[in-house]
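The values are calculated or read from the model by the stated rules, or taken from the named source; none is laboratory data. Given the structure is predicted, the values throughout are model-derived calculations rather than measurements. Glycine gets a Cβ as well: all are built from the backbone with ideal geometry, and neighbour counts include every protein chain shown.
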Amino acid sequence: METVFLTFILSYLFISLLIRYSERFGLQDIPNARSAHKKVTPRSAGVGFVLAALLSLFIVHFSHVIHFYYIYLAIFAITLLGLYDDKFHISHKVKFIGLTFAALYVSSHGVLIESLGNYFGFDFTLPLWFAVIFSTFAIIGFTNALNLMDGLDGLAGGLSLIMLLFYFTIGYIHHDMLMIYLSSSFTAAIIAFLLFNWHPAKIFMGDSGSLSLGFVIAILSIESLNYIPPSAILFIIAMPLIDTFIVMRRRIQRGQSPFKADKNHIHHFLYKVKVHVQFSVLMLLYLQLALSIIGYQLACANEALSLVLFGLLLYIFLNMFDQRFRYREKKKPRKKGKIL
C-alpha cells in the first residue's frame, strides 16, 4: 500500500512538472496529418510515471528491486530510448535495435516463454535456445503493439490499466511478488497519468510511456505463464494484438512496409464513425475489459478450444475492418423500351 500511495503522489508531481517545463525541454507534440489533436501538447509523461514507479519500488522494496535488477534496468533503458525518440524522432530500425537488446537481456536472465501450451494432448515445450529467441520477439512484438494503440486521449493508458489490474489479481492469488509489486506500482502511476491524459489531454505519454508500458505488460504476461495457459493470456492482452494484426495485414496487402505509420488503426475507424474521442476510447476499453474477463475465465478451460476461440475472434476483426470490401446494392439493369 505504501508503494501505491507513494507512486501516485510522485507520478502526479512529476507529470505536473513535465507539463510546466515541456517547452523548455523541447518535449512537445506538434500536430501533423496523423494527429487526432489540433494544438501543441506536452508529451513524454511516460518519463514521469515510470520514474515514479521505479523510485517508489526502490525506496519501499529495495531488496526486491536488487533481486530483479535486470528487469528494472531494462525498463529504465526502454524509458530512455522512448524519451530520446520523443525528442529527436529516431528511426524504426534504431528503436527495434534498442528494444531487441532490452528484450534479449531479460530473456537471457530467465524471463522466458518455455511452452506454447498443451493442445490435443501434445505439449509444445520449446528448447532453451528457441525459447530465448521466441521470448525476445514476443516482448518486442507486444511492446510495439501497445505503442501503436497510443492514438487517442486515454486509450493506451486505459488499456494498460485494465491489463495491469488483471495481472495484479493473478499475482495476488498466487503470491507472486514480482507481479504484485510491478503491476500495482504501474497501476498507481497510470491512474495519476490519466487524470492529465483523459480527453481533452493536457499531456501525452509519448514513446517513453507507451514503450515502457508495453515492455512491463509483456514481462508480466510471461511471468503469468507460471499460473495460466498462453491461450488465456491472448485474451487478457487482446486489443493491442488484434489491432496490430489488422494494421500489418492491411499494409502488406497494399505493398507497403508493415511498419509504416498511418491512420488505419481500430481507434481511427471508430473515431471516424462516431467523431467522439471519449466514446471511441470507452468502447475500446469496455471491449478490452470483456476480453480480459474471458481470458481470466479461460484459465482453467481446454487450451485448444481457447486458442480456436481467439482465432475466430481475430478472423472476425480482420474481416470487419478490411477496407478492401465495399458492399453496395446492385443496380438492376434498365429494360430497353420497345420501339413502336
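For Phe204, the test of being more than 12 Å from the chain's Cα centre (by Cα) and of a type in the set (Phe, Trp, Tyr) is passed.
Residue-wise test of (1) surrounded by fewer than 18 Cβ atoms within 10 Å (Cβ to Cβ); (2) in contact with a helix residue (DSSP H, G or I) (Cβ under 6 Å, 6 or more places away or on another chain); (3) closer than 14 Å to Ala238 by Cα; (4) of a type outside the set (A, V, I, L, M).
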| position | (1), (2), (3), (4) |
| --- | --- |
| Ser280 | no, yes, no, yes |
| Gly295 | no, yes, yes, yes |
| Ala301 | yes, no, no, no |
| Ile316 | yes, no, yes, no |
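Counting only residues that are modelled with pLDDT of 90 or more and under 12 Å from the mean Cα position of the chain (by Cα), segment 109-148 holds 9 of them.
Can you confirm whether Ile203 is touching a residue at least 12 places away in the same chain (Cβ under 8 Å), part of a helix (DSSP H, G or I) and among the β-branched types (Val, Ile, Thr)? The answer is no for Ile203. Scan segment 17-24 and tell me whether some residue there is farther than 20 Å from Gly206 by Cα and either touching a residue at least 12 places away in the same chain (Cβ under 8 Å) or outside any loop (DSSP other than H, G, I, E, B) (or both). Taking every residue of segment 17-24 in turn, none turns out to be farther than 20 Å from Gly206 by Cα and either touching a residue at least 12 places away in the same chain (Cβ under 8 Å) or outside any loop (DSSP other than H, G, I, E, B) (or both).
Set side by side, the residues Ile90, Ile78 differ, and just one is closer than 30 Å to Phe269 by Cβ, touching a Ser or Thr at 6+ places or on another chain (Cβ under 8 Å) and either touching a residue at least 60 places away in the same chain (Cβ under 8 Å) or in a loop (DSSP other than H, G, I, E, B) (or both), which is Ile78. Set side by side, the residues Leu194, Leu220, Leu211 differ, and just one is modelled with pLDDT of 95 or more and either more than 16 Å from Gly158 (Cα to Cα) or of a type in the set (Lys, Arg) (or both), which is Leu220.
To keep it simple, each residue is scored yes or no on (1) over 26 Å from Tyr105 (Cα atoms); (2) without any contact (Cβ under 8 Å) to a residue 12 or more places away in the chain; (3) touching an Asp or Glu at 6+ places or on another chain (Cβ under 9 Å); (4) part of a helix (DSSP H, G or I).
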{"residue": "Asp153", "(1), (2), (3), (4)": "yes, no, no, no"}
{"residue": "Tyr167", "(1), (2), (3), (4)": "no, no, yes, yes"}
{"residue": "Gly171", "(1), (2), (3), (4)": "no, no, yes, yes"}
{"residue": "Ser183", "(1), (2), (3), (4)": "no, no, no, yes"}
{"residue": "Leu195", "(1), (2), (3), (4)": "yes, no, no, yes"}
{"residue": "His199", "(1), (2), (3), (4)": "yes, no, yes, no"}
{"residue": "Asp207", "(1), (2), (3), (4)": "no, no, yes, yes"}
{"residue": "Gly214", "(1), (2), (3), (4)": "no, no, no, yes"}
{"residue": "Leu220", "(1), (2), (3), (4)": "no, no, no, yes"}
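Can you pull out the residues in segment 27-48 that are at pLDDT 80 or above, part of a loop (DSSP other than H, G, I, E, B) and surrounded by 13 or more Cβ atoms within 10 Å (Cβ to Cβ)? Leu27, Arg43, Ser44, listed by residue number.
Considering only residues of segment 78-94 that are touching a helix residue (DSSP H, G or I) at 6+ places or on another chain (Cβ under 7 Å) and surrounded by fewer than 22 Cβ atoms within 10 Å (Cβ to Cβ), which is modelled with the highest pLDDT?
Across segment 78-94, the extreme among qualifying residues is Asp85.
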